[in-house]
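Comments concern the structure below.
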Amino acid sequence: MSDTLAQIAEQFQIYGDFVSAEPYGTGHINDTFLATYDQAGRQVRYIFQRINPSIFKEPLSVMENVVRVTEHIRNRMQQLGLAEISRRVLTVIPACDGIAYYRCKAGNYWRAYFFIEGARTYDVLERIEQAYHAAKAIGEFQCYLADLPKPALKETIPDFHNAQKRYKTFLEVLEKDSFNRAASAKAEIDYLNANARLFDVFPGLVDAGQIPIRTTHNDTKINNVMFDDVTNEAICVIDLDTVMPGLSLYDFGDIVRTTVSNSEEDEQDLSRVKAEIPRFEAILKGYLASASGFLNRIEVNHLVHAGKLITMIIGTRFLTDYLNGDSYYKVHRTGHNLDRCRTQFKLVRSLTEQEEELSRLVETSYRRINKD
Ligand code: ADP
Ligand code: GN1
Ligand code: MG
(Lines give C-alpha, C1' and ligand atoms only; values in the text may rest on other atoms or scores of the structure.)
(Ligands and ions follow the chains in the order given, each with its own letter.)
Protein backbone atom coordinates (compact mmCIF):
# COMPACT_ATOMS: atom_id res chain seq x y z
CA MET A 1 0.00 0.00 0.00
CA SER A 2 1.34 3.46 -0.75
CA ASP A 3 0.98 6.63 1.33
CA THR A 4 -1.54 9.27 0.35
CA LEU A 5 -0.26 12.80 -0.20
CA ALA A 6 -1.83 13.77 3.13
CA GLN A 7 0.26 11.07 4.80
CA ILE A 8 3.40 12.22 3.00
CA ALA A 9 2.61 15.75 4.16
CA GLU A 10 2.68 14.68 7.80
CA GLN A 11 6.23 13.44 7.48
CA PHE A 12 7.89 16.84 7.05
CA GLN A 13 8.69 19.56 9.54
CA ILE A 14 6.00 21.90 8.28
CA TYR A 15 3.69 23.81 10.66
CA GLY A 16 -0.06 24.04 10.21
CA ASP A 17 -2.83 21.95 8.71
CA PHE A 18 -2.37 20.23 5.39
CA VAL A 19 -5.04 21.49 2.95
CA SER A 20 -4.35 19.94 -0.45
CA ALA A 21 -1.74 18.76 -2.94
CA GLU A 22 -1.99 18.58 -6.70
CA PRO A 23 0.34 17.62 -9.58
CA TYR A 24 2.43 20.57 -10.68
CA GLY A 25 4.78 21.69 -13.45
CA THR A 26 5.95 20.23 -16.75
CA GLY A 27 9.13 18.36 -15.71
CA HIS A 28 9.79 15.12 -17.57
CA ILE A 29 11.26 13.14 -14.69
CA ASN A 30 10.02 13.45 -11.10
CA ASP A 31 6.48 13.56 -9.72
CA THR A 32 6.03 17.11 -8.51
CA PHE A 33 3.14 18.37 -6.34
CA LEU A 34 2.11 21.78 -5.13
CA ALA A 35 1.04 21.37 -1.49
CA THR A 36 -0.92 23.94 0.48
CA TYR A 37 -1.01 24.25 4.27
CA ASP A 38 -3.05 26.51 6.50
CA GLN A 39 -0.72 28.25 8.95
CA ALA A 40 -2.80 30.20 11.47
CA GLY A 41 -5.22 31.30 8.76
CA ARG A 42 -2.61 31.98 6.07
CA GLN A 43 -2.22 29.66 3.09
CA VAL A 44 1.41 28.66 2.64
CA ARG A 45 2.68 26.60 -0.29
CA TYR A 46 5.37 23.94 -0.60
CA ILE A 47 6.68 21.65 -3.31
CA PHE A 48 6.67 17.90 -2.72
CA GLN A 49 8.59 15.67 -5.06
CA ARG A 50 8.83 11.96 -5.47
CA ILE A 51 12.28 11.24 -6.87
CA ASN A 52 11.95 9.03 -9.96
CA PRO A 53 13.34 5.70 -8.78
CA SER A 54 13.95 4.19 -12.19
CA ILE A 55 16.15 7.13 -13.18
CA PHE A 56 17.90 7.96 -9.91
CA LYS A 57 19.22 4.63 -8.67
CA GLU A 58 20.80 6.21 -5.59
CA PRO A 59 18.33 8.75 -4.19
CA LEU A 60 20.42 9.18 -1.04
CA SER A 61 23.32 10.44 -3.15
CA VAL A 62 20.92 12.80 -4.92
CA MET A 63 19.76 14.26 -1.61
CA GLU A 64 23.28 14.43 -0.19
CA ASN A 65 24.30 16.48 -3.25
CA VAL A 66 21.21 18.69 -3.10
CA VAL A 67 21.82 19.51 0.57
CA ARG A 68 25.50 20.26 0.02
CA VAL A 69 24.80 22.42 -3.02
CA THR A 70 21.94 24.42 -1.51
CA GLU A 71 23.83 25.04 1.76
CA HIS A 72 26.95 26.13 -0.07
CA ILE A 73 25.07 28.51 -2.34
CA ARG A 74 23.09 29.88 0.62
CA ASN A 75 26.35 30.64 2.49
CA ARG A 76 27.84 32.35 -0.52
CA MET A 77 24.70 34.47 -0.96
CA GLN A 78 24.80 35.42 2.73
CA GLN A 79 28.43 36.50 2.36
CA LEU A 80 27.40 38.64 -0.59
CA GLY A 81 24.60 40.17 1.48
CA LEU A 82 21.88 39.28 -1.04
CA ALA A 83 18.24 39.86 -0.11
CA GLU A 84 15.47 37.24 -0.25
CA ILE A 85 17.85 34.29 -0.19
CA SER A 86 15.04 31.76 0.37
CA ARG A 87 13.72 32.76 -3.08
CA ARG A 88 17.15 32.54 -4.71
CA VAL A 89 18.14 29.04 -3.69
CA LEU A 90 16.02 25.95 -2.98
CA THR A 91 15.39 25.25 0.71
CA VAL A 92 15.15 21.56 1.64
CA ILE A 93 12.58 21.08 4.42
CA PRO A 94 13.70 18.27 6.73
CA ALA A 95 11.50 15.29 7.47
CA CYS A 96 10.26 14.84 11.06
CA ASP A 97 13.32 12.75 11.94
CA GLY A 98 15.60 15.57 10.75
CA ILE A 99 16.86 14.00 7.52
CA ALA A 100 16.43 15.52 4.08
CA TYR A 101 13.87 13.05 2.73
CA TYR A 102 11.08 10.68 3.67
CA ARG A 103 11.08 7.08 2.46
CA CYS A 104 7.44 6.09 2.00
CA LYS A 105 5.80 2.70 2.52
CA ALA A 106 6.20 1.88 -1.18
CA GLY A 107 9.95 2.53 -0.84
CA ASN A 108 9.96 5.82 -2.78
CA TYR A 109 11.95 8.86 -1.69
CA TRP A 110 10.10 12.12 -1.15
CA ARG A 111 11.41 15.61 -0.44
CA ALA A 112 9.87 18.98 0.33
CA TYR A 113 10.98 22.49 -0.67
CA PHE A 114 9.65 25.96 0.00
CA PHE A 115 7.48 26.97 -2.94
CA ILE A 116 9.17 29.99 -4.47
CA GLU A 117 6.43 32.61 -4.53
CA GLY A 118 6.17 35.54 -6.91
CA ALA A 119 8.08 33.67 -9.59
CA ARG A 120 7.47 31.10 -12.31
CA THR A 121 9.07 28.92 -14.92
CA TYR A 122 8.49 29.12 -18.68
CA ASP A 123 8.61 26.33 -21.23
CA VAL A 124 8.99 28.98 -23.91
CA LEU A 125 10.28 32.44 -23.03
CA GLU A 126 8.12 35.48 -23.58
CA ARG A 127 10.92 38.02 -24.00
CA ILE A 128 14.48 37.89 -25.31
CA GLU A 129 15.84 39.59 -22.15
CA GLN A 130 14.75 36.52 -20.20
CA ALA A 131 17.32 34.49 -22.17
CA TYR A 132 19.99 36.97 -21.07
CA HIS A 133 18.95 36.66 -17.43
CA ALA A 134 18.69 32.86 -17.51
CA ALA A 135 22.15 32.45 -19.03
CA LYS A 136 23.59 34.92 -16.51
CA ALA A 137 22.00 32.95 -13.66
CA ILE A 138 23.57 29.73 -14.96
CA GLY A 139 27.00 31.37 -15.02
CA GLU A 140 26.45 32.65 -11.47
CA PHE A 141 25.35 29.19 -10.37
CA GLN A 142 28.58 27.70 -11.73
CA CYS A 143 30.54 30.51 -10.07
CA TYR A 144 28.98 29.84 -6.65
CA LEU A 145 29.93 26.18 -6.89
CA ALA A 146 33.49 26.79 -8.05
CA ASP A 147 34.76 26.66 -4.45
CA LEU A 148 32.57 23.83 -3.19
CA PRO A 149 34.76 22.02 -0.65
CA LYS A 150 35.88 18.49 -1.51
CA PRO A 151 34.90 15.71 -1.96
CA ALA A 152 33.40 16.05 -5.42
CA LEU A 153 29.64 15.63 -5.65
CA LYS A 154 28.30 12.14 -6.30
CA GLU A 155 27.62 11.22 -9.92
CA THR A 156 23.85 10.77 -9.66
CA ILE A 157 23.46 9.50 -13.24
CA PRO A 158 26.70 7.98 -14.51
CA ASP A 159 27.79 9.11 -17.99
CA PHE A 160 24.91 11.57 -18.12
CA HIS A 161 26.35 13.65 -20.98
CA ASN A 162 28.59 10.93 -22.39
CA ALA A 163 27.50 11.37 -25.99
CA GLN A 164 29.47 8.48 -27.41
CA LYS A 165 27.84 6.15 -24.90
CA ARG A 166 24.40 7.63 -25.63
CA TYR A 167 25.01 6.92 -29.32
CA LYS A 168 26.09 3.35 -28.59
CA THR A 169 22.92 2.79 -26.57
CA PHE A 170 20.89 4.20 -29.46
CA LEU A 171 22.54 1.74 -31.89
CA GLU A 172 21.75 -1.17 -29.57
CA VAL A 173 18.11 -0.13 -29.17
CA LEU A 174 17.82 0.40 -32.92
CA GLU A 175 19.29 -3.03 -33.61
CA LYS A 176 16.59 -4.66 -31.43
CA ASP A 177 13.75 -2.38 -32.58
CA SER A 178 11.55 -4.12 -29.99
CA PHE A 179 8.60 -1.80 -30.62
CA ASN A 180 8.80 -1.86 -34.42
CA ARG A 181 9.20 1.89 -34.54
CA ALA A 182 12.43 2.28 -36.51
CA ALA A 183 10.64 2.52 -39.86
CA SER A 184 8.65 5.53 -38.65
CA ALA A 185 11.83 7.33 -37.60
CA LYS A 186 13.99 6.61 -40.64
CA ALA A 187 14.83 10.23 -41.44
CA GLU A 188 15.87 10.94 -37.85
CA ILE A 189 17.93 7.74 -37.62
CA ASP A 190 19.74 8.65 -40.85
CA TYR A 191 20.38 12.19 -39.63
CA LEU A 192 21.85 10.95 -36.38
CA ASN A 193 24.09 8.39 -38.08
CA ALA A 194 25.34 11.03 -40.50
CA ASN A 195 26.16 13.48 -37.70
CA ALA A 196 27.40 11.26 -34.88
CA ARG A 197 30.95 12.56 -35.35
CA LEU A 198 29.82 15.70 -33.48
CA PHE A 199 30.09 13.53 -30.37
CA ASP A 200 33.85 13.08 -30.64
CA VAL A 201 34.98 16.67 -30.06
CA PHE A 202 34.72 17.18 -26.29
CA PRO A 203 36.14 13.86 -25.07
CA GLY A 204 39.40 14.64 -26.90
CA LEU A 205 39.63 18.12 -25.36
CA VAL A 206 38.90 16.83 -21.86
CA ASP A 207 41.48 14.05 -22.20
CA ALA A 208 44.04 16.59 -23.38
CA GLY A 209 43.34 18.71 -20.29
CA GLN A 210 42.12 21.62 -22.41
CA ILE A 211 38.62 21.74 -20.94
CA PRO A 212 38.34 21.45 -17.15
CA ILE A 213 35.83 19.41 -15.19
CA ARG A 214 33.87 21.81 -12.98
CA THR A 215 30.83 21.48 -10.73
CA THR A 216 27.92 22.10 -13.06
CA HIS A 217 24.14 21.82 -13.16
CA ASN A 218 23.81 19.51 -16.17
CA ASP A 219 20.10 20.11 -16.77
CA THR A 220 19.81 23.81 -17.54
CA LYS A 221 16.73 23.65 -19.73
CA ILE A 222 14.78 26.84 -19.44
CA ASN A 223 12.02 25.50 -17.20
CA ASN A 224 14.62 24.74 -14.56
CA VAL A 225 15.11 28.48 -14.04
CA MET A 226 12.55 30.53 -12.10
CA PHE A 227 11.84 34.12 -13.12
CA ASP A 228 10.67 36.83 -10.76
CA ASP A 229 7.17 38.01 -11.73
CA VAL A 230 8.00 41.65 -11.10
CA THR A 231 11.59 42.15 -12.26
CA ASN A 232 11.51 39.36 -14.87
CA GLU A 233 15.03 38.44 -13.80
CA ALA A 234 16.09 34.85 -13.17
CA ILE A 235 15.70 34.48 -9.42
CA CYS A 236 16.47 30.80 -8.79
CA VAL A 237 18.04 27.84 -10.59
CA ILE A 238 16.09 24.72 -9.59
CA ASP A 239 16.05 20.97 -10.35
CA LEU A 240 19.36 20.14 -8.72
CA ASP A 241 19.29 16.35 -9.14
CA THR A 242 22.08 16.30 -11.70
CA VAL A 243 24.41 18.88 -10.17
CA MET A 244 27.73 17.03 -10.29
CA PRO A 245 31.13 17.16 -11.96
CA GLY A 246 30.66 18.21 -15.59
CA LEU A 247 31.52 20.71 -18.31
CA SER A 248 30.46 24.36 -18.18
CA LEU A 249 29.75 24.03 -21.89
CA TYR A 250 26.92 21.56 -21.39
CA ASP A 251 25.08 24.05 -19.19
CA PHE A 252 25.57 26.81 -21.74
CA GLY A 253 24.48 24.40 -24.48
CA ASP A 254 21.23 23.47 -22.78
CA ILE A 255 20.23 27.09 -22.32
CA VAL A 256 20.89 27.60 -26.03
CA ARG A 257 18.87 24.47 -26.87
CA THR A 258 15.83 25.66 -24.95
CA THR A 259 15.82 29.39 -25.67
CA VAL A 260 17.45 30.10 -29.03
CA SER A 261 14.27 29.15 -30.91
CA ASN A 262 10.92 30.71 -30.09
CA SER A 263 9.18 27.32 -29.98
CA GLU A 264 8.13 24.45 -27.74
CA GLU A 265 10.38 21.45 -27.23
CA ASP A 266 7.65 19.27 -28.78
CA GLU A 267 6.55 21.70 -31.53
CA GLN A 268 5.03 19.78 -34.44
CA ASP A 269 5.30 22.63 -36.95
CA LEU A 270 9.02 22.43 -37.63
CA SER A 271 9.03 25.67 -39.61
CA ARG A 272 8.74 27.38 -36.21
CA VAL A 273 11.93 25.79 -34.94
CA LYS A 274 14.96 27.90 -35.80
CA ALA A 275 17.93 29.47 -34.07
CA GLU A 276 17.47 33.23 -33.93
CA ILE A 277 20.61 35.35 -33.88
CA PRO A 278 19.31 38.04 -31.44
CA ARG A 279 18.35 35.29 -29.00
CA PHE A 280 21.79 33.70 -29.26
CA GLU A 281 23.35 37.10 -28.68
CA ALA A 282 21.27 37.60 -25.53
CA ILE A 283 22.21 34.15 -24.18
CA LEU A 284 25.86 34.74 -24.96
CA LYS A 285 25.95 38.18 -23.33
CA GLY A 286 24.19 36.88 -20.23
CA TYR A 287 26.51 33.94 -19.84
CA LEU A 288 29.67 35.93 -20.48
CA ALA A 289 28.51 38.59 -17.99
CA SER A 290 28.82 36.07 -15.17
CA ALA A 291 31.15 33.37 -16.54
CA SER A 292 33.80 35.13 -18.63
CA GLY A 293 35.98 35.51 -15.51
CA PHE A 294 36.46 31.77 -15.11
CA LEU A 295 36.04 30.31 -18.62
CA ASN A 296 39.23 29.45 -20.47
CA ARG A 297 39.77 30.29 -24.14
CA ILE A 298 39.08 26.74 -25.32
CA GLU A 299 35.72 26.76 -23.55
CA VAL A 300 34.84 30.09 -25.14
CA ASN A 301 35.88 28.79 -28.56
CA HIS A 302 33.41 25.91 -28.20
CA LEU A 303 30.29 27.75 -27.07
CA VAL A 304 28.58 27.36 -30.44
CA HIS A 305 29.58 23.72 -30.68
CA ALA A 306 28.13 23.21 -27.16
CA GLY A 307 24.70 24.40 -28.30
CA LYS A 308 24.72 22.03 -31.26
CA LEU A 309 26.15 19.15 -29.27
CA ILE A 310 23.74 19.21 -26.35
CA THR A 311 20.81 19.57 -28.75
CA MET A 312 22.09 16.56 -30.67
CA ILE A 313 22.54 14.57 -27.44
CA ILE A 314 19.04 15.34 -26.18
CA GLY A 315 17.62 14.57 -29.64
CA THR A 316 19.44 11.23 -29.54
CA ARG A 317 17.99 10.49 -26.09
CA PHE A 318 14.43 11.33 -27.24
CA LEU A 319 14.88 9.14 -30.33
CA THR A 320 16.29 6.27 -28.27
CA ASP A 321 13.37 6.53 -25.86
CA TYR A 322 10.91 6.54 -28.75
CA LEU A 323 12.46 3.37 -30.18
CA ASN A 324 12.56 1.88 -26.69
CA GLY A 325 8.81 2.27 -26.03
CA ASP A 326 8.89 5.56 -24.05
CA SER A 327 10.33 4.19 -20.83
CA TYR A 328 12.41 7.20 -19.68
CA TYR A 329 10.65 10.50 -20.34
CA LYS A 330 7.05 11.22 -19.43
CA VAL A 331 5.02 11.33 -22.65
CA HIS A 332 1.54 12.75 -23.25
CA ARG A 333 0.73 11.42 -26.73
CA THR A 334 1.78 8.75 -29.20
CA GLY A 335 4.94 9.75 -30.97
CA HIS A 336 5.69 12.44 -28.39
CA ASN A 337 9.36 11.50 -28.08
CA LEU A 338 9.70 11.38 -31.86
CA ASP A 339 8.22 14.89 -32.12
CA ARG A 340 10.69 16.06 -29.48
CA CYS A 341 13.56 14.43 -31.39
CA ARG A 342 12.50 16.14 -34.62
CA THR A 343 12.57 19.61 -33.04
CA GLN A 344 16.04 18.91 -31.66
CA PHE A 345 17.44 17.78 -35.00
CA LYS A 346 15.80 20.69 -36.79
CA LEU A 347 17.48 23.03 -34.32
CA VAL A 348 20.87 21.37 -34.84
CA ARG A 349 20.42 21.96 -38.58
CA SER A 350 19.53 25.59 -38.02
CA LEU A 351 22.48 26.17 -35.67
CA THR A 352 24.80 24.49 -38.17
CA GLU A 353 23.59 26.68 -41.04
CA GLN A 354 24.36 29.79 -39.00
CA GLU A 355 27.49 28.52 -37.32
CA GLU A 356 29.89 31.04 -38.85
CA GLU A 357 27.81 34.03 -37.84
CA LEU A 358 27.27 32.66 -34.33
CA SER A 359 31.02 32.05 -33.94
CA ARG A 360 31.79 35.59 -35.06
CA LEU A 361 29.39 36.86 -32.41
CA VAL A 362 31.17 34.83 -29.73
CA GLU A 363 34.51 36.22 -30.82
CA THR A 364 33.43 39.86 -30.85
CA SER A 365 31.50 39.62 -27.58
CA TYR A 366 34.38 37.90 -25.80
CA ARG A 367 36.98 40.36 -27.12
CA ARG A 368 34.81 43.27 -26.06
CA ILE A 369 34.79 41.97 -22.51
CA ASN A 370 38.45 40.94 -22.37
CA LYS A 371 39.86 43.58 -24.72
CA ASP A 372 42.26 41.00 -26.20
P1 ADP B 1 11.68 17.50 -12.96
O2 ADP B 1 12.97 16.88 -12.51
O3 ADP B 1 10.61 16.53 -13.16
O4 ADP B 1 11.92 18.37 -14.16
P5 ADP B 1 11.61 19.94 -11.38
O6 ADP B 1 12.40 19.92 -10.12
O7 ADP B 1 12.19 20.66 -12.52
O8 ADP B 1 11.22 18.43 -11.76
O9 ADP B 1 10.18 20.55 -11.03
C10 ADP B 1 9.15 20.60 -12.00
C11 ADP B 1 8.54 21.99 -12.04
O12 ADP B 1 7.99 22.31 -10.75
C13 ADP B 1 9.53 23.12 -12.34
O14 ADP B 1 9.72 23.30 -13.71
C15 ADP B 1 8.87 24.30 -11.66
O16 ADP B 1 7.87 24.87 -12.49
C17 ADP B 1 8.17 23.68 -10.46
N18 ADP B 1 8.99 23.80 -9.22
C19 ADP B 1 9.93 22.93 -8.78
N20 ADP B 1 10.45 23.34 -7.59
C21 ADP B 1 9.82 24.50 -7.28
C22 ADP B 1 9.87 25.41 -6.15
N23 ADP B 1 10.69 25.18 -5.11
N24 ADP B 1 9.05 26.49 -6.16
C25 ADP B 1 8.19 26.70 -7.20
N26 ADP B 1 8.09 25.89 -8.27
C27 ADP B 1 8.88 24.80 -8.31
C1 GN1 C 1 14.76 16.08 -18.39
O2 GN1 C 1 13.90 16.81 -15.47
P3 GN1 C 1 13.71 17.76 -16.60
O4 GN1 C 1 12.39 17.67 -17.29
O5 GN1 C 1 14.07 19.16 -16.12
C6 GN1 C 1 16.12 15.38 -18.38
C7 GN1 C 1 17.15 16.26 -19.11
C8 GN1 C 1 16.70 16.53 -20.53
C9 GN1 C 1 15.29 17.15 -20.49
C10 GN1 C 1 14.73 17.31 -21.87
C11 GN1 C 1 17.43 13.78 -15.22
O12 GN1 C 1 14.86 17.30 -17.68
O13 GN1 C 1 18.40 15.60 -19.16
O14 GN1 C 1 17.57 17.41 -21.15
O15 GN1 C 1 14.38 16.34 -19.73
N16 GN1 C 1 16.55 15.14 -17.01
C17 GN1 C 1 17.04 13.94 -16.66
O18 GN1 C 1 13.65 18.18 -21.82
O19 GN1 C 1 17.20 13.03 -17.46
MG1 MG D 1 13.02 20.07 -14.35
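The values are calculated or read from the model by the stated rules, or taken from the named source; none is laboratory data. Only a predicted model underlies this, so the values are computations on that prediction, with no experimental measurement involved. Note: ideal-geometry Cβ built from the backbone for every residue, glycine included; neighbour counts use all protein chains shown.
Structure summary
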| read-out | value |
| --- | --- |
| Listing of helices (runs of 4 or more DSSP H) fully contained in region 1-100 that carry 2 or more residues being over 28 Å from residue 150 (Cα atoms) and touching a strand residue (DSSP E or B) at 6+ places or on another chain (Cβ under 8 Å) | 5-9 |
| Residue in region 198-211 that is under 30 Å from residue 67 (Cβ atoms) and touching a Gly at 6+ places or on another chain (Cβ under 8 Å) present | no |
| Test for residue 189: is it within 16 Å of ligand 2 (Cβ to nearest atom) and outside the structural domain of residue 32 (by TED's automatic domain parsing) | no |
| Qualifying positions in region 228-242 - in contact with a helix residue (DSSP H, G or I) (Cβ under 6 Å, 6 or more places away or on another chain) and either within 16 Å of ligand 2 (Cβ to nearest atom) or outside the structural domain of residue 153 (by TED's automatic domain parsing) (or both) | 234, 236, 237, 238, 239, 240, 241 |
| Conditions (1) touching a Phe, Trp or Tyr at 6+ places or on another chain (Cβ under 7 Å); (2) buried (at least 18 other Cβ atoms within 10 Å of the Cβ); (3) not aromatic (Phe, Trp, Tyr); (4) not in a loop (DSSP other than H, G, I, E, B); number of the one not met by residue 174 | (1) |
| Residue among 258, 242, 169, 216 that is touching a Gly at 6+ places or on another chain (Cβ under 6 Å) and not hydrophobic (A, V, I, L, M, F, W, C) | 216 |
| Selection count where residues are among the hydrophobic types (A, V, I, L, M, F, W, C) and either outside the structural domain of residue 300 (by TED's automatic domain parsing) or farther than 23 Å from residue 195 by Cα (or both), scope region 346-369 | 3 |
